[in-house]
1. Ignoring ligands, DNA and RNA, what accessible area per residue does region 105-176 give at 1.4 Å, in Å²?
2. Within region 1-78, which trypsin sites (Lys or Arg not before Pro) sit in a loop by DSSP and count at most 14 neighbouring Cβ atoms inside 10 Å?
3. Loop-only GluC sites (Glu not before Pro) in region 44-133, please: DSSP not H, G, I, E or B, and at most 14 other Cβ atoms within 10 Å.
4. Out of the total accessible area of the chain (probe 1.4 Å, heavy atoms of protein only), what percent is carbon and sulfur?
5. Would you calculate a helix-derived [θ] at 222 nm for the chain, using -39,500 (n - 2.57) for each DSSP H run of n ≥ 4 and dividing by the full residue count, to the nearest 500?
6. Between region 52-110 and region 1-15, how far is it from one alpha carbon centroid to the other, in angstrom?
7. Given C-alpha coordinates of the chain, what is the ratio Rg to Rh with the Kirkwood estimate of Rh?
8. Hey, what do the phi angles of region 113-123 turn into as Karplus ³J(HN,Hα) couplings, whole Hz, using 6.51/-1.76/1.60 and θ = phi - 60°, x for Gly and Pro?
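The values are calculated or read from the model by the stated rules, or taken from the named source; none is laboratory data. Keep in mind it's a predicted model, so treat the numbers as computed, not measured. For neighbour counting, all protein chains shown are included, and Cβ atoms are generated from backbone atoms with ideal geometry for every residue, glycine included. Remember, those area values only see protein heavy atoms, side chains included, never the ligands or the DNA or RNA. Shrake-Rupley method; radii C 1.70, N 1.55, O 1.52, S 1.80 Å.
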Amino acid sequence: PETAFHEIVSDTIHVDIHWVRPTPERNYHTLVTSGMSDRSMAAPEPSLRFAELMICLPPTWSLTQEAFNDECNYWPLRWLKNLARLPHEHKTWLFASHTVPNGDPPQPFANNTKLCCALLFTPVLFDPGFQKLEVNADKTVQFLSMIPLYREEMDFKLRRGFEPLLDRLDAGGVTE
């Protein structure tokens with residue numbers, strides 16, 4: 001990582017976001033949370049109790065403290081933090097195929113986009129070994145990618161299911 005965006009004030013859990021700069025091989029910013037897996041989630045299986053989140057952003061995305069004063073630049077980080085806290089605040093869990101709207105009805109993440117929902121999935125731009133981190137015999141951390149969705153995509157998933165949405169996203173080349 002280039003750096004970590006450290007949280008100053010933490011309520012439920014302390015969430016930092018680690019930033020990996022674009023490279024010629026991976027021409028995108030990679031943001032990965034840490035802190036979500038400090039506490040277990042209320043998952044139905046012990047192997048799914050711990051997770052961290054990630055997203056990839058275009059190489060032109062501004063990731064400076066000054067840029068973060070504008071929600072148009074900061075919303076992906078805010079949403080990684082919000083999602084990291086969600087299972088701990090609501091005694092639930094998050095995993096691949098879960099979707100979370102920004103309100104009811106869903107509202108855009110910022111005024112420069114119509115994206116308004118988050119889909120979680122297993123990372124596809126990285127080696128399969130990136131998907132899980134075995135900490136010890138009792139703790140395996142699952143890495144989940146956050147894929148922003150439009151309301152129409154969320155509605156499609158609710159009507160038709162996860163697999164048909166995944167097929168369409170895959171056909172469109174959409175990944176984290």
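1. Averaged over the residues of region 105-176, the accessible area is 58 Å².
2. ARG26, ARG39
3. Within region 44-133, the qualifying GluC sites (Glu not before Pro) (loop, at most 14 other Cβ atoms within 10 Å) are GLU66.
4. Here it works out to 50 percent.
5. -7000 deg cm²/dmol
6. 14 Å
7. Over the Cα atoms of the chain, Rg/Rh equals 0.94.
8. For region 113-123, the Karplus-derived couplings read 8, 9, 4, 8, 9, 10, 9, 9, 8, 6, x Hz, x marking Gly and Pro.
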